[in-house]
1. If you average 1/r over all unlike Cα pairs in the stretch 150-302 and invert the result, what Kirkwood radius do you get in angstrom?
2. Run the accessible area of the stretch 322-378 with a 1.4 Å probe and give the carbon-and-sulfur part as a rounded percent.
3. One-quarter of the Cα convex hull surface for the chain, in nm²?
4. Which trypsin sites (Lys or Arg not before Pro) from the stretch 324-372 combine a DSSP loop assignment with at most 14 other Cβ atoms within 10 Å?
5. Charges on Cβ only, +1 for Lys and Arg, -1 for Asp and Glu, centred on the Cα centroid of the stretch 457-561; of Q499, P557, Y529, which one is farthest towards the dipole's positive end?
6. Can you give me the % of accessible surface on the stretch 83-139 that is carbon or sulfur? Probe 1.4 Å, all protein chains present, nothing else counted.
7. Would you mind checking the pairs K396/K550; K320/K500; K500/K547; K78/K460; K258/K550 and listing those with alpha carbons more than 27 angstrom apart?
8. Residues of the stretch 1-38 with the amide nitrogen closer than 18 Å to a label point 7 Å from the Cα of S255, along Cα-to-Cβ, please.
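The values are calculated or read from the model by the stated rules, or taken from the named source; none is laboratory data. Because the structure is predicted, anything quoted here is derived from the model rather than measured. Methodologically, a virtual Cβ is constructed for each residue, glycine included, from the backbone with ideal geometry; neighbour enumeration extends over all protein chains shown. For accessibility, only protein heavy atoms count, side chains too; no ligands or nucleic acids. Shrake-Rupley method; radii C 1.70, N 1.55, O 1.52, S 1.80 Å.
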Amino acid sequence: MPLDAVCLQAILEELRPQLLGLRIDKVQQPARDQVILLLRGNQRLLLNAGANAPRIQLTGISRENPAEPPMFCMLLRKHLVGARVTDLTQPSLERLVRLELDITDDFGRPGRRTLVLEAMGRRSNLILLDGEGRIIDCLRRVDAEMSASRQVLPGLYYEPPASTGRLPVIEETEEGFWDKLAAANPERQLDAFLLDSYFGLSPLTAREMAFRAAGETDRHIFELDTAERERLWQEISAFIKAVKEHSFAPYCLKSEGKPVDFSYFPVTQYGSAMVLQRYESFCRLLDDFYEARERMERTRQRGADLIRTASSARDRLRRKLALQEKDYAQTQNRDQLRICGDLITANLYRMERGSGSLICENYYDADCGQITIPLDPLLTPQQNAAKYYKRYTKAKTAEHYLREQMELARRDLEYLDSILEEIAEAETEQDFLDIRSELRDAGFLRGQGKGKKEPKRAAKPREFRTASGFRVLVGRNNRQNDKLTMRDADRRDLWFHTQKIHGSHVILSTGGQAVDDNTIVEAAKIAAYYSQARESGNVPVDYTQVKNVKKPAGARPGMVVYSTCQTVNVTPDAALVKRLSIS
């Protein structure tokens, strides 16, 4: 669910004792809508003003920063580095957070800055205020053309968003509730009535109240009996009490092991269709819930053009391969062309120029049946025979050529499938730059113009440590797979790869030591997780010593052959991968 005001209040209650008094050491902006404040004690405070996931939380996820920080990040560094967190406030049931900060300016004079997070869906914003409440700058500037009622521009005094005019749910009384219920449209659904009448309720909360009161989420007001109406007020009053007493607990709703929604109270409306999991903290819940979504959003934003390029090239290759296979099938009937040439030559004595066909006995047939051979009436009999021989020779040559071209096309299709898998798994800006460079070198992407240089960093493979202490390295892209397997790994190390499925090269650094079965399984699960079979079960993973892995001459990056392997079947385990990761 979107982060509603009550859930935001629950998060702030968790954050306040952890943040007050801490100083800001660094400011980072890993994405357009994300700002991270690095606080003393190795705390990472994330403020996300994205339309799909606005929130504030302490995060344990390390995010890659761009090579050059954005202007807004530079401004925040200028004003906030060294500032001390003095307060964390939220107006009643508003999706708005004020982070109050004490600063010392360049002349040693004390001052005040306020960082305001408006977590309001597509209108979300992050705004920096000075000590007088003026806007220094913001993540999204709003001028008069965008909003006539409220502008958010540097130099203006900050004004919070206008109220909706509905009654805050925590201010409701029993008498007021009965009056609203009596005046409501009886055809209205119960959850819609709650959302229309009160401010501070999310759709999930309204549906849950309706379900607990009436046993259904889509019950209409006219269908309620007296007992159900009483239960509805009891649910509202219990909710008001929980909000006032800050009685919250983090819960995540999961379907087939994947997080679908989250809440600050137990949700029962889905029954057995969802698994309800309680977390030890809201921050941990939000990290788990948004991690996969952020990865997909990052891929969508940064990798959209790469996906388009690779997909278009793959589709062209598929069409080309289909035509080549059709032409190749036709070359398999070339012997009939030679037979026609032979029969024409054998019957030259009985043919006349200008004939449209030749009917003769086919002495290649066991029964010597008759055959009709089409002729070109403008050619002599000898020229018609030569034409059939020429078509036969051409088909014979084409068979060899088409076989080579089809092999190259199938190789390139496999390569492009591996590129698309790399894009889906890309995590950092450098990952996308490496993939772009690889596509350019492979000829699938045009070279960049003169004067344009991409920032280069030394990309490192993903690193893990097994329970028994062995080091595991995982390639991030095809080039890194080659480097990891063919150059960096010891010939005695173990190499893992999913069987006949695109995936990363995985190296288990053994140093020549014996490896137990549990370590083999852990490395295999990592290999299965970083492959196209991530969402599958019982995935076959081959493993062998690095010395048995060879790269054919002229093969595309990441393409290798191997022999004398062993196979283990495993199921990818995201929790295990996360637990073993050290990079």
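1. Details: mean 1/r = 0.0559 Å⁻¹.
After inverting the mean inverse Cα-Cα distance, the result is 17.9 Å.
2. Taking all protein chains in place, the stretch 322-378 shows 49 percent carbon and sulfur surface.
3. On the way: hull surface 176.0 nm².
Taking a quarter of the hull surface, the average projection is 44.0 nm².
4. On the way: sites: K326, R334, R338, R350, R353; in loops: R353.
The qualifying sites are R353.
5. The residue sitting farthest along the positive end of the dipole is P557.
6. Values: 1050 of 2530 Å².
C and S atoms contribute 42 percent here.
7. K396/K550; K78/K460; K258/K550
8. From the stretch 1-38, the list is 1-2.
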